[in-house]
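Chemist: Let me give you the structure first, and then I'll get to my questions.
The values are calculated or read from the model by the stated rules, or taken from the named source; none is laboratory data. Model, not experiment: these values are computed from the prediction. Cβ sites come from the backbone with ideal geometry, for glycine too, and all protein chains shown count toward neighbours. Note: accessible area is taken over every heavy atom of the protein model, side chains too, but ligands, DNA and RNA are not part of it. Shrake-Rupley method; radii C 1.70, N 1.55, O 1.52, S 1.80 Å.
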Amino acid sequence: MTMYLVCDGGGTKTEYMLFDLSGHIHGFSKTQGTNAIFINPDAAADAVCGGISDCLQQAGIRDTDLNEICLFIPGFKNSANAVRDRFPKTRLMVLGDEYNAYYGALGEPGGIAVLSGTGSFAVCRDKKGSWISVGGWGPLFGDKGSGYHMGLMCLDRITQQWDRGSTNTLLQTLALKQLHMESIPSLRQGAYKPDFTREKIAKLSYTVAEAAKAGDIDALRILDEASVCLADLAAAVARRVGNDELPVSLLGGTSHMGDIFTKRFEAALKEKLPQCSYRKPMFEPIVGAALFVMYEIVGRMDSREDFLKNIQAEWGTTYVNG
C-alpha cells in the first residue's frame, strides 16, 4: 500500500498525518511548534522525528514503507538534514505552510487563501500553476492581522488606557488574567523576560475576541484593524494575479473566533474587492497537506469524491471530535 506522511507545523503546534491514496488515515500525532526561525533548530528536528515515529508506530509500519514525507513548516529547511538522517530511505520534501493552508481552505486550485494564525499571509495558485504569496514577513515588520498583531495591539491599548488613568477596564482585566499578571505596571518588566514569547502574545487575540463579544470598544477596534489588514493581503494577491473576482477564504486560529471576526473580515473584503466572494474554509491545514500531495505530487486522484469523503470523515470523527 502506498503511504504518505504530511506535517503542518507552525510557531505553536505541529500536526502529523499518515494516509493512503484512498484517503484513509493510518496515524496522527501532535507535537510542539516546529518553526525553526523561532525555536531551537535541533529541538524542532527532534519534535518532527518524534511525530513521524509516533504515526509509524500507530500504523505498525516502518519508514521504508513510506512513499514520501512532506513537511509544511516555515523556517525548517536548516533542520531538515536531521530528519533525513533519521529516515534515510524515505523521500523528504520541505515546504512553507502556505501551500497546505491553501488546499485546506479551498480544497482544490482556484481562489485566494488568507491565513491568520500566529503569523499571517495570503496565497493563490494561478491558472498557469504558479504560486503567488504575499505577507509572511514575520513579527518584526510583518504578520499584520495575525493573532500576534492583535496581541500587540491589545498590549498597546491596555497600557495606553493605564497612562490615561483608566484602570480595571474589561480588556485590562482579561489580558492580565491571560498573562497571569497582577497589574498593568508589571508589564514593564514582565514583557521583556524570555518567557514572554511570541506565542504568549498571540494568545491575547482570544482575549480581544472575548472582550469584543462583551462590547469593549477598544477590542472591537482591534478586530476592525486586523480584518482590514487581512483584506489588504487578499487584495494584494488579487492585483498580482490580475483577477479580483476570485473566491477568498480565511483560515487559521483567528478564524475560529467566529462571526465577531469573520463578519468583519467579510465586510473589509467587500470594500477592497467588491467582485470577490467569501468562502468558508473547507478543511484544516493538515487535511490541506494531504490534498497538496494528491494534486501536486501524486498528480491524480482516482476518485476525488471518495478521497475527500474518507479523509474528512476519519479526520472529523477521530481527530477533531474524538
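Chemist: Using alpha carbons only, how many angstrom separate the centre of the range 43-72 from the centre of the range 259-316?
Modeler: 25 Å
Chemist: Suppose each label sits 7 Å from its Cα in the direction of the beta carbon; what would the Lys200-Arg62 distance come out to in nanometres?
Modeler: Here the answer is 4.6 nm between the modelled labels.
Chemist: Counting DSSP beta bridges with both partners in the chain, what percentage is antiparallel, nearest 5? Could you put the intermediate results ahead of the total?
Modeler: Working: 24 of 41 bridges.
Here the antiparallel bridges make up roughly 60 percent for the chain.
Chemist: Same structure, new question: For the range 1-73, with all protein chains present and a 1.4 Å probe, just round the carbon and sulfur fraction of the accessible area to a whole percent. Don't skip to the answer; put the middle values down first.
Modeler: Details: 1280 of 2710 Å².
Looking at the range 1-73 in its full context, I get 47 percent from C and S.
Chemist: Then there is this: What ³J(HN,Hα) values, in whole Hz, does the Karplus curve 6.51 cos²θ - 1.76 cosθ + 1.60 give for the range 169-174 when θ = phi - 60°, with x put for Gly and Pro?
Modeler: So the J values, rounded to whole Hz, are 6, 4, 5, 4, 4, 5.
Chemist: In deg cm²/dmol and to the nearest 500, what is the mean residue ellipticity at 222 nm of the chain if only DSSP H runs of at least 4 residues count, each as -39500 (n - 2.57), divided by the residue total?
Modeler: Working: 11 runs with 140 residues, N = 322.
That comes out to -13500 deg cm²/dmol.
Chemist: Quick one: 3J(HN,Hα) in Hz for the range 225-230, Karplus 6.51/-1.76/1.60 with θ = phi - 60°, rounded, Gly and Pro as x.
Modeler: Karplus values, whole Hz, x for Gly and Pro: 5, 5, 5, 5, 4, 6.
Chemist: How high is the FRET efficiency from Glu225 to Met1, r the C-beta distance, R0 41 Å, rounded to 0.05? Let's see the in-between values first.
Modeler: Numbers: r = 49 Å, r/R0 = 1.21.
It comes to 0.25.
Chemist: For each pair in Lys280/Lys309; Lys13/Lys77; Lys77/Lys128; Lys144/Lys272; Lys13/Lys203, compute the distance between the two Cα atoms and list the pairs where it is over 20 Å. Walk me through the intermediate numbers first.
Modeler: Working: Lys280/Lys309 18 Å; Lys13/Lys77 18 Å; Lys77/Lys128 26 Å; Lys144/Lys272 16 Å; Lys13/Lys203 13 Å.
In this structure, Lys77/Lys128 exceed 20 Å between Cα atoms.
Chemist: So, for the chain, what is the accessible surface per residue at a probe of 1.4 Å, expressed in square angstrom?
Modeler: On a per-residue basis, the chain sits at 46 Å².
Chemist: How much length would be gained if the chain were fully extended between Lys89 and Val241, taking 0.36 nm per residue of separation minus their Cα-Cα distance, in nm to one decimal? Present the calculation step by step, with values, prior to reporting the outcome.
Modeler: On the way: separation 152, 0.36 × 152 = 54.72 nm, distance 3.90 nm.
Net length gain for the segment: 50.8 nm.
Chemist: List the residues whose amide H sits under 5 Å from the amide H of Ser277, counting only those 5 or more places along or on another chain, with H placed 1.01 Å from N in the peptide plane.
Modeler: Those qualifying (amide H under 5 Å, at least 5 residues apart or on another chain) are Val248.
Chemist: Also: Can you work out ³J(HN,Hα) from phi for every residue in the range 19-26, in order, using Karplus 6.51 cos²θ - 1.76 cosθ + 1.60 and θ = phi - 60°, giving whole Hz and x for Gly and Pro?
Modeler: 9, 10, 5, 8, x, 7, 8, 10
Chemist: To continue, here is another question. Work out Dmax and Rg for the range 92-133 from the C-alpha atoms and quote the Rg first, both in angstrom.
Modeler: 10.2, 30
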